[in-house]
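Peer 1: Dumping the structure here so I can ask a few things about it.
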Amino acid sequence: MRVGTLSRPGLSRALGRAFSTQAPAAAAASSSTPRLASLREQLQRDMAAAEESSWTDSVTVVAPPKADRVKKQHKRHPDWLRVQRPGGEDYMRIRNGLRASKLATVCEEARCPNIGECWSSKKGAATATIMVLGDTCTRGCRFCNVKTSRQPPLPADDEPEKTAEAIASWEVDYVVITSVDRDDIFDGGAEHYARVVRRVKELKPSMRLECLTPDFNGTSGLAGVATVARAGLDVYAHNIETVERLQNTVRDRRAGYRESIGVLEHARHVNPRVVTKTSIMLGLGEEAHEVRQTMRDMRDAGVEIFTLGQYLRPSKRHMKVARMLPPEEYDAWREEGEAMGFKYVASGPLVRSSYKAGEVFMEAILKEREAERLRTEGIAVDIEQAVIDGRRNSGVRGAKAELPRESEWRPTDRDLEAREARIRLSQMPQFKGPSGPCPL
């Protein structure tokens, strides 16, 4: 046998192995042929079905058009609500003096539009407004932009004296003292007001003081009103804010129309020599006959100064402005108020409760009131030389040095203990509970 050749038995074995390996492959090919054929048939049926017409072929699906974003147009205020930028020698002198005292004024903090007029008034009429008892209110009126809290920080015990010393150093002749509502204090802050007024009158008796107070409802009540009215101030102010129908809509639920009237009446009752003053906002949805009735009610309560101004919405969280009144309507209300017997009516779109409070009209009213008091006591005095603070004689022989305070409200021992407990509680570290919404 040659090399490279196979014998007959070896050839037969090689051929057997070759056929044995091809048999499974042929069997697999033969078994996959029916499956492949079935898949082809299914594909042909699907293509034929796709070529047939359907009712959906007549329906046209159109993509919705993209909505154009409508840009909200900014509605500008009327021209009569524009004011000139404040400035001038008198304005700069008063502004620098107030800032040097490091005591913030409502005029600047609230960005009052009338700051240029009030601070640029002639000598003896410049007016500034200061807020005491903190900057956080315990009530939530829908027109006011002041911060709110159920328990604001307590004022310092020496704040009235420090505030009074700062006020006495100002180069202004008329100061309006106002505050937030403090229902968390046992007397509502009435004694705080009185301490500021008394100290200012001791340091600068010639300065005229107006107190724009809350109603003290739920705290010291009318006793708190008497405490402030007898402290030696010149003007007692409390704002009615709006007509009777809109009280619950505009003001906090703890305030009320009749309660505010009671405050103004009681201030005149306990101190007949004090000038009372109130203010309302227009543009909240009131009717003309309601404004007229409010003015009559205020006149019947003995109010002598009445102011009307346009409500301006502080933010989107507050009430919307129902209407912008033109200046002509404010002029009509001023004439009607003067016809009712008010000593002075300030009416205009930008008029606020403290608008030019120290102007000549207020000087005339106060001097007339003081002259009448001195005449009843048998003291002959020139009206121009009469003092109006009611606490010093200023060279007028026989004048009384101080208003009577025999029925003045004083805090009880229980009130003082409650205050000390509040102070201790506020000094304790605050417990921080779990964050997130309440599971209940």
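Peer 1: From the list 221, 232, exactly one residue is surrounded by fewer than 21 Cβ atoms within 10 Å (Cβ to Cβ) and at pLDDT below 95. Which is it?
Peer 2: On inspection, the qualifying residue turns out to be 221.
Peer 1: Just need a number here: residues in segment 205-231 that are in contact with a helix residue (DSSP H, G or I) (Cβ under 6 Å, 6 or more places away or on another chain), in a loop (DSSP other than H, G, I, E, B) and among the small types (Gly, Ala, Ser).
Peer 2: 2
Peer 1: Additional query: Residue by residue through segment 197-213, note down the ones that are in contact (Cβ under 8 Å) with a residue 60 or more places away in the chain and under 21 Å from residue 254 (Cα atoms).
Peer 2: Answer for segment 197-213, where residues must be in contact (Cβ under 8 Å) with a residue 60 or more places away in the chain and under 21 Å from residue 254 (Cα atoms): just 212.
Peer 1: In segment 152-187, what residues are out of contact with any Phe, Trp or Tyr (no Cβ under 9 Å at 6 or more places or on another chain), closer than 16 Å to residue 206 by Cβ and not acidic (Asp, Glu)?
Peer 2: 164, 167, 168, 169, 170, 174, 175
Peer 1: Let me ask something else about it. Looking for something at pLDDT 75 or above, surrounded by 15 or more Cβ atoms within 10 Å (Cβ to Cβ) and not in a loop (DSSP other than H, G, I, E, B) - is there at least one such residue anywhere in segment 348-364?
Peer 2: Within segment 348-364 (the criterion being at pLDDT 75 or above, surrounded by 15 or more Cβ atoms within 10 Å (Cβ to Cβ) and not in a loop (DSSP other than H, G, I, E, B)), the answer is no, since none of the residues qualifies.
Peer 1: Still on this model: Just the residues that are closer than 18 Å to residue 340 by Cα and either in contact with a Ser or Thr (Cβ under 7 Å, 6 or more places away or on another chain) or outside any loop (DSSP other than H, G, I, E, B) (or both), please, taken from segment 299-317.
Peer 2: Within segment 299-317, 299, 300, 302, 303, 304, 305, 306, 307, 308 meet the criteria.
The values are calculated or read from the model by the stated rules, or taken from the named source; none is laboratory data. Given the structure is predicted, the values throughout are model-derived calculations rather than measurements. Methodologically, a virtual Cβ is constructed for each residue, glycine included, from the backbone with ideal geometry; neighbour enumeration extends over all protein chains shown.
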